[in-house]
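What follows is a short report on a single structure.
The values are calculated or read from the model by the stated rules, or taken from the named source; none is laboratory data. The structure displayed is predicted, hence computed values, not measured ones. Cβ coordinates were reconstructed from backbone atoms using ideal geometry, including for glycine residues, and neighbour counts include every protein chain displayed.
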Amino acid sequence: MRKIAALAGALTAIGPAAHAQETPPAPMETLAAVSPALHAYTQDDLFGSVWGNESLSPRDRSLLTVAALIARSESEGLAQYLDYAVDNGVTAAELSETITHLAFYAGWQNAMKAAAAAADVFAARGVTADELPAAEPADMLPLDQEVEDQRQSFVQERFGNVSQGVVDNTEQLLFLDLWQRPALAPRDRSLVTVSALIATGKVEQVTFHLNRAMDNGLTKEEASAALAHLAFYAGWPNIFSAMPVVKEVFDSREG
Amino acid sequence: MRKIAALAGALTAIGPAAHAQETPPAPMETLAAVSPALHAYTQDDLFGSVWGNESLSPRDRSLLTVAALIARSESEGLAQYLDYAVDNGVTAAELSETITHLAFYAGWQNAMKAAAAAADVFAARGVTADELPAAEPADMLPLDQEVEDQRQSFVQERFGNVSQGVVDNTEQLLFLDLWQRPALAPRDRSLVTVSALIATGKVEQVTFHLNRAMDNGLTKEEASAALAHLAFYAGWPNIFSAMPVVKEVFDSREG
Amino acid sequence: MRKIAALAGALTAIGPAAHAQETPPAPMETLAAVSPALHAYTQDDLFGSVWGNESLSPRDRSLLTVAALIARSESEGLAQYLDYAVDNGVTAAELSETITHLAFYAGWQNAMKAAAAAADVFAARGVTADELPAAEPADMLPLDQEVEDQRQSFVQERFGNVSQGVVDNTEQLLFLDLWQRPALAPRDRSLVTVSALIATGKVEQVTFHLNRAMDNGLTKEEASAALAHLAFYAGWPNIFSAMPVVKEVFDSREG
């Protein structure tokens, strides 16, 4: 809690695209000079009640936030949130892999922007090349062939005659490659995917990916807390658009 | 009309994130050097016919535009539009409160960016701290308890088992606090909310918030004119996605 | 293929908003220093297999990409992609007109940002004023009055009582003016429109505009390949949200 309060100044970063080691972020005083109310909501509610709430670990909150900012093209403050993620226990390797993952799930240029922000953070922290996930890992995660066969035949049947190129790339690049990379635990990979989907209003894919996240170990309580956290970074409307879909997923997994 | 034409140069602001007092925005000549047609549409249609049309006051047009740009993360030109809003009768206090409001409705980082732009405008105009809405106002607006009870029990029943955190924050932070702050008239608060929703394609929430806006005094004629205005800043597709929902709201309130 | 590889360094442009002649884009090495895997996917898959795939011409790929980046507010790397578009056979006049077109279909400020990027590219390439499309062309394209009457009466009947201003501007500015401008072939104008719609998740308008694109000469094979290309720039979720709609359009035009 004390650490969060101390970091609040850095995390608001309301100035133009601050880079970790060079430009100090605009202080909370700038925010107070425009809106004392928003300053108070930020300090007391967002960095107080929300980040301090134990329903979700600081590490998960950092993964959710970083994924939401990258997916929403919000590079302002991203370097600070990446830096804070490392404080919260996300490794540089996991951040690297999160950016790689989001290239596919949030558009290539958003990942390029995120890589620029991460390059500064990594340099400032002295992250070396051997700490990063390899382009071609020696071992991939074990594949659940049955689950993948089911996914692939569903997509092939439904969309093969729409774009075989999309169907093939989805199989070869995403589900037989990206998702099998060991640099991010499947549960965390699912968490950043769901965050990106909700933060950009892609509710149509939430059913598949939230189910996958929960199959990968995300609990219902964590998913509930993630919605409350994301409301601040994605805006309330994206959360209320996602809630009916999340409700359906929760209901379908019960009883 | 003459004032609008004179301001056109400043409002196009096609250069990178211009700040009020430092970097002059790229002149209309730069736009003309890329597209004489877009220069003409901007000058004649957008700043001529649209901003000059009396179906909506310049003050409302400024509120709509500022909300759309903030919600869409479009910081380029935002300082100029904030400055122009003050010319059109939006007070610094109202702009401050609009930014605070949109933190919740358009994502925290968009409000942080907007605060950075507003800080420059406020400094250039010599806005002092005592002109800004207090973090904790002495008096809140009177609450319509019946309307709020209805909203809360609907949300609680529907989404309580999805995320009690979202349901609680929505009640405590939004409807018993933010919406009750006196710094922005409920009708104007609704106007910027509806603008943000339409400008970011969140049509699912338009039914609730357009009804609320009209309950708060927005006329059908103003809502119609707002759509025509927003088409330029949000893009035609967002307007055509919103129109069926707006139609339903209009129809449901008639006869 | 060799040219694509040589351009890869410039096209990743992961640094902050690079401008053609001044700031060299961050080299691929920066990307490799954050994610060797993303570097490999970019080099081998995106700039290798995708851009090199003959199912779609490099010119079409450039039009699709430029439209997606503009519509998604992604100015990072945009100057490089505009420059590369000229290499691939898109004329400065066509880029100018694409930006003009997207002001209406992706929001005015996105076009303003794109104009700033294009101004640099045009200056570096020595593009002169007489190469640009005139604000008021001597000859407009022939209008298919029957098709336009049908569109207009559908929109008038459905939305006239929602916002006559939108209905009128849609007819006067878009379908009797913008779409009739000769500076961009109708098939290409449709291509950038469909790209912008898919890249920003406006699937509701894809049915109308993909049908129009195919009426204007876009083949089913090209549309399929466009989806596979756009997946990288718009993110997989936007493609999977568009596919059911594209499927319906394809199905409705067969048999």
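A few points about this structure:
- Meets criteria (under 27 Å from B:Phe232 (Cβ atoms) and outside any helix (DSSP H, G or I)) for C:Glu74: yes
- Residues of the stretch C:46-79 satisfying the condition of being over 19 Å from C:Leu191 (Cα atoms) and either among the aliphatic types (A, V, I, L, M) or in contact with a Phe, Trp or Tyr (Cβ under 8 Å, 6 or more places away or on another chain) (or both): C:Leu46, C:Ala79
- Scanning the stretch B:109-146 for residues that are part of a helix (DSSP H, G or I), under 28 Å from B:Leu176 (Cα atoms) and charged (D, E, K, R) turns up B:Lys113, B:Asp130, B:Glu131, B:Glu146.
- If you go through the stretch A:77-104 and keep only what is in a helix (DSSP H, G or I), out of contact with any Ser or Thr (no Cβ under 9 Å at 6 or more places or on another chain) and not hydrophobic (A, V, I, L, M, F, W, C), you end up with A:Asp83, A:Glu94, A:Thr98.
- Pairs are defined by a Cβ separation below 9 Å, a sequence spacing of at least 6 or placement on different chains, a first member in the stretch C:199-216 that is under 10 Å from C:Val245 (Cα atoms), and a second member that is among the acidic types (Asp, Glu) and assigned to a helix (DSSP H, G or I); the pairs so defined are C:Val203/A:Glu204; C:Thr207/C:Glu248.
- Count of residues meeting criterion [at the interface with chain C (Cβ under 10 Å from one of its Cβ atoms) and assigned to a helix (DSSP H, G or I)] in the stretch A:199-214: 6
- Any hit, the stretch A:126-137, residues being loosely packed, with under 15 Cβ neighbours inside 10 Å, farther than 26 Å from C:Pro244 by Cα, more than 10 Å from chain C (Cβ to nearest Cβ) and touching a residue at least 12 places away in the same chain (Cβ under 8 Å): yes
- Residue within the stretch C:197-211 that is surrounded by fewer than 19 Cβ atoms within 10 Å (Cβ to Cβ) and over 29 Å from A:Ser73 (Cα atoms) present: yes
- Any chance C:Arg61 is more than 8 Å from every other protein chain (Cβ to nearest Cβ), in contact (Cβ under 8 Å) with a residue 40 or more places away in the chain, basic (Lys, Arg) and surrounded by 21 or more Cβ atoms within 10 Å (Cβ to Cβ): yes
- Looking only at residues in the stretch A:147-179 that are among the polar types (S, T, N, Q) and assigned to a loop (DSSP other than H, G, I, E, B), the one that is surrounded by the most Cβ atoms within 10 Å (Cβ to Cβ) is A:Ser163.
- Among the residues here, A:Pro36 qualifies as modelled with pLDDT of 95 or more, over 22 Å from A:Ala199 (Cα atoms) and at the interface with chain B (Cβ under 10 Å from one of its Cβ atoms).
- Test: residue in the stretch B:7-28 that is small (Gly, Ala, Ser), surrounded by fewer than 22 Cβ atoms within 10 Å (Cβ to Cβ) and at pLDDT 95 or above: no
- Here A:Asp44 fulfils each of the conditions (1) in a helix (DSSP H, G or I); (2) closer than 30 Å to C:Ile70 by Cα apart from (2).
- A search for C-beta distances below 6 Å between a residue of the stretch A:173-192 that is free of Cβ contacts under 8 Å to residues at least 40 places away in the same chain and any residue that is of a type in the set (Asp, Glu), counting only pairs 6+ apart in sequence or on different chains, returns A:Phe175/A:Glu148.
- Of the residues screened, B:Asn53 is one that is over 12 Å from the mean Cα position of the chain (by Cα), over 22 Å from C:Asn110 (Cα atoms) and in contact (Cβ under 8 Å) with a residue 60 or more places away in the chain.
- Candidates A:Pro186, A:Pro237, A:Pro244, filtered to the one that is at negative phi and away from chain B (no Cβ under 14 Å): A:Pro186
- In the stretch B:56-107, the residues that are touching a His at 6+ places or on another chain (Cβ under 6 Å) and over 16 Å from B:Ser195 (Cβ atoms): B:Ala79
- Listed by first and then second residue, the pairs linking a residue in the stretch A:75-97 that is of a type in the set (S, T, N, Q) to a residue that is at pLDDT below 95 and outside any helix (DSSP H, G or I), with Cβ atoms under 7 Å apart and 6 or more places separating them unless they lie on different chains, are A:Ser75/A:Ala17; A:Gln80/A:Ala13; A:Gln80/A:Ala18; A:Gln80/A:Pro25.
- Which numbered condition B:Gly217 fails, given (1) in a helix (DSSP H, G or I); (2) under 18 Å from the mean Cα position of the chain (by Cα); (3) under 30 Å from B:Ala92 (Cβ atoms); (4) of a type outside the set (S, T, N, Q): (1)
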